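Down below is the structure, laid out as structure tokens.
Read-outs: derived from the displayed coordinates by stated rules, not from any lab. Model, not experiment: these values are computed from the prediction. Here the Cβ positions follow ideal geometry from the backbone for every residue, glycine too, while neighbour counts run over all protein chains shown.
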Amino acid sequence: MEQKRLRSLEVCAGAGGLALGLERAGFDPVVVLDNRDVACETLRLNRPDWDVRQMDLLDFDPADDQRVYDVDLLSAGLPRVKSSAATNRPRGSDVELRLLDATIMLMHGVQPRALLIENVPDLATSDQYLDARKEIAAELVHLGYSARWLVVNSSDYRVPQDRKQGVLVAFKDRSADDFELPPAQGPAPSVGAVLLDSMASRGWTQAAEWAAGADRPAPTLVGGSWNRGGPDLGPTGSKRAWEAMGVNGGTVADFPPPADFHWDPTAGPAHMVQLTVAQAALLQGFPADWRFAGGKTKQYRQVGNASPPPVGHALGLAIRKVLDGH
């Protein structure tokens with residue numbers, strides 16, 4: 001018998017990675033919110049049947065759309081708070097923490113059966129956010145929810161990337177201690193294995209040679225700031241990891257290498273391959289047919305800031321197991 005579909009409310013949806021993974025786990029969103037026009041365009045391109053709203057989370061009132069009342073899941077891929085590795089970030093986490101608080105306050109009106117919030121690992125583990133976790137726990141207990149923080153690595157779920165995520169799950173009328181992540185699904189595929197066909201798609205003769213050396217998962221893809229700069233693959237440490245695989249992480253390409261591209265990583269960045277947006281999306285676990293709106297920089301921002309769909313799928317299955325009482 002086909003498993004019953006459940007209802008969800010998705011806020012701060014971005015390019016839809018978390019929502020897509022949850023959809024695969026059986027959750028259909030009644031409303032999807034994001035404040036960026038380009039993200040909403042991406043969502044509508046891929047899921048024209050979804051009710052996508054471009055609006056700030058702080059402006060959303062559940063009373064305006066009572067379909068969100070008592071949904072099975074409220075899920076939020078919130079903007080990243082400042083992590084300990086981002087010491088030079090020009091602004092703190094005030095805006096991001098306000099959105100976190102707004103998500104918890106949304107629980108009053110929505111009263112979902114379960115809550116899922118995804119962010120950086122530090123939000124779940126660092127003393128820097130201990131007070132925030134205590135306040136959230138107190139509010140959730142007040143509302144009748146049992147909550148739990150944990151950290152997951154997308155590489156455990158066949159995403160070719162070392163990407164750790166901090167996660168909060170909470171349940172109404174059921175214990176969060178019943179929540180168990182599905183076991184790791186084996187070693188993550190390598191960058192070379194995932195991208196070989198794409199790299200060879202224009203006849204590049206050294207694609208197999210490059211792929212043999214790109215024999216490990218990718219470092220964490222970073223979307224970067226929406227307010228400045230062009231697309232690149234992350235901070236200095238990430239770029240060094242990419243260089244070790246013969247990839248120039250300082251930019252993002254428009255197309256895969258042409259047939260006559262001479263790859264020689266010892267000759268400097270100009271002779272290293274560059275990833276395309278589509279290739280970065282594959283490394284995030286998006287399906288090849290998922291389209292991204294906007295120009296190259298905005299597309300890459302969406303990809304780099306996304307939650308990998310396979311992680312959303314794994315989390316969704318584990319949440320369903322608790323909700324179904326299994």
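From a point 7 Å beyond the Cα of Ser175 in the direction of its Cβ, which residues of the stretch 124-163 have a backbone N at a distance under 16 Å?
Of the residues in the stretch 124-163, 145-149 have backbone N under 16 Å from the label point off Ser175.
Among DSSP bridges having both ends in the chain, what percentage is antiparallel? Round to the nearest 5.
45
Kindly write out, for the stretch 26-33 in residue order, the coupling ³J(HN,Hα) from the Karplus curve 6.51 cos²θ - 1.76 cosθ + 1.60 (θ = phi - 60°), rounded to whole Hz, with x marking Gly and Pro.
Calculated HN-Hα couplings, in order: x, 9, 10, x, 7, 9, 10, 10 Hz.
Which of Ala241, Ala19, Ala314 moves the most in a Gaussian network model of the chain with Cα springs under 10 Å?
Greatest mean-square fluctuation among the candidates belongs to Ala241.
Express the relative contact order of the stretch 191-302 as a whole percentage, based on alpha carbon pairs under 8 Å and six or more residues apart in sequence.
Computed over the stretch 191-302, the figure is 27 percent.
Add -39500 (n - 2.57) for each DSSP H run of 4 or more in the chain, then divide by its residues: what number comes out at 222 nm, to the nearest 500 deg cm²/dmol? Walk me through the intermediate numbers first.
Working: 11 runs with 108 residues, N = 326.
Computed ellipticity for the chain at 222 nm equals -9500 deg cm²/dmol.
Of the cross-linked pairs Lys4/Lys321; Lys82/Lys296; Lys82/Lys321; Lys4/Lys134; Lys4/Lys172; Lys82/Lys164, which ones have a Cα-Cα span greater than 23 Å in the structure shown? Could you put the intermediate results ahead of the total?
Numbers: Lys4/Lys321 12 Å; Lys82/Lys296 25 Å; Lys82/Lys321 32 Å; Lys4/Lys134 35 Å; Lys4/Lys172 19 Å; Lys82/Lys164 15 Å.
Checking Cα-Cα distances, Lys82/Lys296; Lys82/Lys321; Lys4/Lys134 exceed 23 Å.
Can you list the residues, at least 5 places off or on another chain, whose amide H is less than 5 Å from the amide H of Arg53, using H built in the peptide plane?
Val32, Leu33, Asp34
What's the local net charge at Phe261, with K and R +1, D and E -1, over the other residues with C-beta under 14 Å away?
Within the 14 Å Cβ shell, the charges total -3.
Report, in degrees rounded to the nearest 10, the 0 to 90 angle that the Cα long axis of helix 130-142 makes with the longest principal axis of the chain.
40
Considering Cα pairs under 8 angstrom that are at least six residues apart, work out the relative contact order of the stretch 96-222 and quote it in whole percent.
24
Quick one, which of [x] 0.98; [y] 1.13; [z] 1.03 is the actual Rg/Rh (Cα atoms, Kirkwood Rh) calculated for this model?
Among [x] 0.98; [y] 1.13; [z] 1.03, the one calculated here is [x].
Tell me which residues come under 5 Å, amide H to amide H, from Thr276 once H is placed; ignore anything under 5 positions away on its chain.
Ala253
What's the ranking of 284-295, 175-186, 250-261, 25-36 by average number of surrounding C-beta atoms within 10 Å, highest first?
The densest-packed peptide leads the list: 25-36, 284-295, 250-261, 175-186.
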